[in-house]
């Protein structure tokens, strides 16, 4: 029986959360449709599911999460963990409320901090590197801006479930029913709170980002499994589908340091037929040649263009762009290169895996700090694939990952 069910709103999150439980038997499922009662009753010790609900409306997002929690409750899974974004993007209020309702429990314990990456909650205000998150660059995210830094107010935008903020030195509120938000500014405070919940028998329904999964993995006992070592010696292809400034700067740094960088713009992002055109086929051949011969090759889709003028009204632009970039990567991989791929943007990764027919993955561990790797046979070739969120990492991340391979 699965001991932990993780529900993440995108694929990058499902991978990030799961890797902390290695070397336990961990499986990542690429879509909620791929999870049934048998998986929970006799599957991996830790099952991490991509609910793909980040860009759904709040009602649909709540439905997907509620159904997954209900299945876990029916299968008597001891710990259900609703993985949230480390900067509170997505339908956080709706999903936490849905998880609580479906669980039948009085409380869901929400620990949003990830101190080692500069994400902390203090007096109920969530900050990134000391700046309230809505006032940081994340407040201007073109697709998913963070509306509010006050966690209580942010949750209230999507749910009427009561919310209480608990300070670092306050106890777990047994007299309260609803969403309990915990302050934490250090990793030790996170670990101490998780240990308290464990001791009190409250570690049953928990929410948070990789910071809380890291703490939980140190508290619960899950048997180890034997994992293969990833092949970290091959050339690296980076596919950047994020328009986050951090990712944009990483692409620019790689180009300024001599890496072959292939830019994609409006046509490549918006037109599904482009990759089958003469320019598209030449692009695919050029990327393949570079990936085969260069330590680092980058496909840069990080420029923020106004795409609505290229598309019919009502088009889901993030979904379309992710689908087309994922299909472009699939076309390149069909050429038979055996190497490493780093995908920036969970939606692009999910699109690529869907088109490659990959439904389940076993994480291998971290190829670099914060970068989760897994290995699959894709189009008949072994491929080590890694993912990262758009706002993560230093400017030289791509170059550093490439240098690891030499």
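Quick notes on this structure:
- Given (1) under 22 Å from residue 143 (Cβ atoms); (2) crowded, with 20+ Cβ neighbours inside 10 Å; (3) under 19 Å from the mean Cα position of the chain (by Cα), index of the condition residue 385 fails: (1)
- All positions within the range 35-61 that are farther than 23 Å from residue 389 by Cα, part of a helix (DSSP H, G or I) and touching a residue at least 12 places away in the same chain (Cβ under 8 Å): 37, 39, 40, 41, 42, 59
- Candidate set from the range 218-232 (those that are under 17 Å from residue 366 (Cβ atoms) and in contact with a helix residue (DSSP H, G or I) (Cβ under 9 Å, 6 or more places away or on another chain)); member that is modelled with the lowest pLDDT: 232
- Test for residue 357: is it over 24 Å from residue 244 (Cα atoms) and free of Cβ contacts under 8 Å to residues at least 12 places away in the same chain: yes
- A count restricted to the range 30-51 and to residues that are crowded, with 22+ Cβ neighbours inside 10 Å and modelled with pLDDT of 85 or more stands at 6.
- Out of 14, 58, sole residue that is outside the structural domain of residue 320 (by TED's automatic domain parsing), at pLDDT 95 or above and crowded, with 19+ Cβ neighbours inside 10 Å: 58
- Note on the range 256-352: enclosed strands (runs of 3 or more DSSP E) holding 2 or more residues that are modelled with pLDDT of 95 or more, touching a strand residue (DSSP E or B) at 6+ places or on another chain (Cβ under 9 Å) and surrounded by fewer than 24 Cβ atoms within 10 Å (Cβ to Cβ) are 261-263.
- The range 95-122, residues that are touching a residue at least 60 places away in the same chain (Cβ under 8 Å), more than 16 Å from residue 172 (Cα to Cα) and not in a helix (DSSP H, G or I): 113, 114, 119, 120, 121, 122
- Flag for residue 84 being farther than 19 Å from residue 177 by Cβ, surrounded by fewer than 24 Cβ atoms within 10 Å (Cβ to Cβ) and either under 19 Å from the mean Cα position of the chain (by Cα) or assigned by TED's automatic domain parsing to the domain that holds residue 179 (or both): no
- Selection from the range 140-185 of residues that are touching a helix residue (DSSP H, G or I) at 6+ places or on another chain (Cβ under 8 Å), surrounded by fewer than 18 Cβ atoms within 10 Å (Cβ to Cβ) and modelled with pLDDT under 95: 143, 145, 147
The values are calculated or read from the model by the stated rules, or taken from the named source; none is laboratory data. Everything numeric here is computed off the predicted structure, so don't read it as measured data. For neighbour counting, all protein chains shown are included, and Cβ atoms are generated from backbone atoms with ideal geometry for every residue, glycine included.
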